[in-house]
Amino acid sequence: MKLELSTQQKNTKAEFRAFINQEICAYAGEWDRKEFTPPEIIKKIAQRGFLGAILPQEYGGKGMDMITYGILNEEIGRGCSSIRSLLTVHNMVAHALYKWGNKSQKQYWLPKLASGEIIAAFALSEPNVGSDAKSVETTANLTGNTYVLNGQKKWITYGQIADIFLVFAKCDGKPTAFLVEKNSPGFLVKPISGILGIKASMSAELYFNNCQIPQGNLVGKLGFGFSYIASSALDYGRYSVASGCVGIAQACLEACIKYTNERKQFGVYLKEHQLIRQKITQMITNIKAARLLYYQAGYLKDINDPNSISETSIAKYFASTVATKIANDAVQIHGGNGCSSEYPVERYLRDSKIMEIIEGSTQIQEVTIAESGYQDYLFTTVTTGLEKKLAERT
């Protein structure tokens, strides 16, 4: 299959790029330093329909195909990884509700999510629970018609401004998902500051002290929390991160080409040095490879191919590790300037490192991808054996 963008996708990419260049690129550094996302940019993103990107039109969404959604994440990631993280977590919750919510939950929440009337956050990580997500310590108990939650969540992206949270807790010992509104009794949000990267993503800790939510806020069924709801949402999150990492890498490349065209050392422009050209070549090649990987994963999602999950993990693994390498090289090319906030490459490096941790760390992806490889080998071996036996019989 030839992976080539359609005319519509190419035009849409150009529209995304123009919007990002005008509304985000010039301000991302300031937002990073202030650790703050202005409400005005969220409103502009919502007006463009980006917060309802993957929701069907019947709920007010854009109904984007997955490659176009990847392109959107790439372009926003090129401008500001914090803003791209908003797109990620908001759409993760929207996807989870669309796939696992009941009829009334869909009819009430999805149009509000699609329009950006409310902002959603994904609350899985805890102080003692990261990669081992199914071992959440937050608990939920049903008392009458009310669930009572107790526990704590940490590193919740845009938790400071979210109106609704998809929270994972153990109920009767089973990982289960719940919707928690920000004004729920017994619910407290505490801002987190001073993180390494995506500093404008307004992260927060969440505290549940006998937090009361209606019984109707249960999403899916008891025990569906991790294996079904979180897993499917995280798959979409990984795809968003993968394509967003290509955006970081592309921003590094563009910054380096500009800088090496203008900066002189030893009497010549940096671009004339062989080692600089080697790094630029590696950047270009790895970016193209990473982009094709997320295109492939997006295509497989659009045709509902079960291999899309493993291909998304591969795309996320490759794109995030490549983005970190490219950002590191970008800082090196910029020298002392690369360590200054006057140049964006230091932000790209900090943001890229976060990408290797969120939505499944690099090491978790290595375990997952390797396991998939062994399963594929076993399946191929068994299938080949059966084919031989059938051939012998005939």
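The values are calculated or read from the model by the stated rules, or taken from the named source; none is laboratory data. On a predicted model such as this, the values are computed, not experimentally measured, just so you know. As a convention, Cβ positions derive from the backbone with ideal geometry for all residues, glycine included, and neighbour counts pool all protein chains shown. The protein model used for the area step is the full one, side chains on, heavy atoms only, and it has no ligands, DNA or RNA in it. Shrake-Rupley method; radii C 1.70, N 1.55, O 1.52, S 1.80 Å.
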| said: For a distance above 22 Å, tell me the whole-number percent of Cα pairs in the range 255-355 that qualify. | reply: 40
| Pairs of lysines in the range 1-104 (C-alpha under 30 Å apart; 8 or more residues apart or interchain) | 22
| field | Overall Cα dimensions of the range 195-272 - principal axes, largest extent first, Å | value | 71, 26, 14
| field | Label-point separation, ASP305 to THR281 (7 Å along Cα→Cβ), nm | value | 3.1
| Taking the alpha-carbon centroid of each part, what is the distance from the range 273-320 to the range 73-108 in angstrom? | 22
| query | Rounded to two decimals, what ratio of Rg to Rh does the range 77-186 give with C-alpha atoms and a Kirkwood Rh? | reply | 0.97
| query | Would you list SER372, SER201 from the most to the least accessible area, probe 1.4 Å? | reply | SER372, SER201
| note | With no solvent term and unit scatterers on the alpha-carbon positions of the range 54-111, Debye gives log₁₀ I(q)/I(0) at q = 0.13 Å⁻¹ of -0.36
| query | Tell me, how many Å apart are the Cα centres for the range 196-266 and for the range 137-173? | reply | 20
| How much accessible area does TYR69 have with a 1.4 Å probe, in Å² rounded to the nearest 10? | 0
| said: Could you check the spin-label model distance between ARG17 and ARG393? Points 7 Å from the Cα along Cα→Cβ, value in nm. | reply: 5.7
| Extension gain (nm, one decimal) between ARG263 and LEU292, 0.36 nm per residue minus Cα-Cα | 7.3 nm
| the chain: Cα Rg divided by the 2.2 N^0.38 Å rule of thumb | 1.04
| query | For GLN8 and ASN128 in the same chain, what is the full-extension length gain: residue separation times 0.36 nm, less their Cα-Cα distance, in nm? | reply | 38.6 nm
| the range 133-233: which GluC sites (Glu not before Pro) are DSSP loop and have at most 12 other beta-carbon atoms within 10 angstrom? | none
| request: Determine the calculated [θ] at 222 nm for the chain from helices alone, applying -39500 (n - 2.57) to every DSSP H run no shorter than 4 residues and normalising by the residue count; nearest 500 deg cm²/dmol. | output: -18000 deg cm²/dmol
| said: Report D for the range 11-126 in µm² per second (integer): Stokes-Einstein, Kirkwood Rh on Cα pairs, 10 °C, 1.306 mPa s. | reply: 109
| Share, in percent, of DSSP beta bridges within the chain that are antiparallel, nearest 5 | 85
| said: Using a 1.4 Å probe on the protein heavy atoms, what percent of the accessible area of the range 281-351 belongs to carbon and sulfur? | reply: 54
